[in-house]
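Just below is one structure, and these are the notes that go with it.
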Amino acid sequence: MSYAALKKHAMSLPGATEDIKWGADWVASVGGKMFFVGGPLPDWNGCSFKVDEHRFLELTDMPGLEPAPYLARVKWVKLSDPKALPLAELKALVERSHALVLAGLTKKLQKQILGL
């Protein structure tokens, strides 16, 4: 798994912006709401993303994945082992996280981000 590839993929999604939060954590957001967190920089010690409620327990039961600190109550998981899932599946999870966060934005903002 390449963290750089995941980061690049996250930034290719519609309306994605990047920021550094909490002093050292790289964050991808859409509409001002984060959907992917990696860091702290420069060392990679895992990344976190939002998942569907029905997948939360499934994913957190897998080795290398755990409930994300402070965000587990809103169904975020932390990937601590880069070999836990193939890159294609991780990219799909980041895309889904983006979609979940985008869906929580106002309809007006969604249309603006998607260019509708």
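The values are calculated or read from the model by the stated rules, or taken from the named source; none is laboratory data. Computed from a predicted structure; not experimentally measured. Counting neighbours? That spans all protein chains shown, and the Cβs are built from the backbone with ideal geometry, glycine included. For accessibility, only protein heavy atoms count, side chains too; no ligands or nucleic acids. Shrake-Rupley method; radii C 1.70, N 1.55, O 1.52, S 1.80 Å.
Structure values in brief
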{"read-out": "Among residues of the stretch 34-43, those that are surrounded by 13 or more Cβ atoms within 10 Å (Cβ to Cβ) and more than 28 Å from Thr106 (Cβ to Cβ), counted", "value": "2"}
{"read-out": "In the stretch 58-88, the residues that are among the aromatic types (Phe, Trp, Tyr) and open to solvent by less than 60 Å² (accessible area, probe 1.4 Å)", "value": "Trp76"}
{"read-out": "Which listed residue is out of contact with any strand residue (DSSP E or B) (no Cβ under 6 Å at 6 or more places or on another chain) and in contact (Cβ under 8 Å) with a residue 60 or more places away in the chain, from Gly64, Gly31, Gly23, Gly15", "value": "Gly31"}
{"read-out": "From Gly46, Gly115, Gly31, residue being open to solvent by less than 30 Å² (accessible area, probe 1.4 Å) and small (Gly, Ala, Ser)", "value": "Gly46"}
{"read-out": "Residue within the stretch 39-60 that is in contact with a helix residue (DSSP H, G or I) (Cβ under 6 Å, 6 or more places away or on another chain) and of a type in the set (Lys, Arg) present", "value": "yes"}
{"read-out": "Strands (runs of 3 or more DSSP E) wholly inside the stretch 1-83 that include at least 3 residues being within 14 Å of the chain's Cα centre (by Cα) and under 28 Å from Gln112 (Cα atoms)", "value": "16-21, 25-30, 33-38, 47-50"}
{"read-out": "Counted residues, the stretch 11-53 - those being modelled with pLDDT under 95 and within 11 Å of Glu95 (Cα to Cα)", "value": "0"}
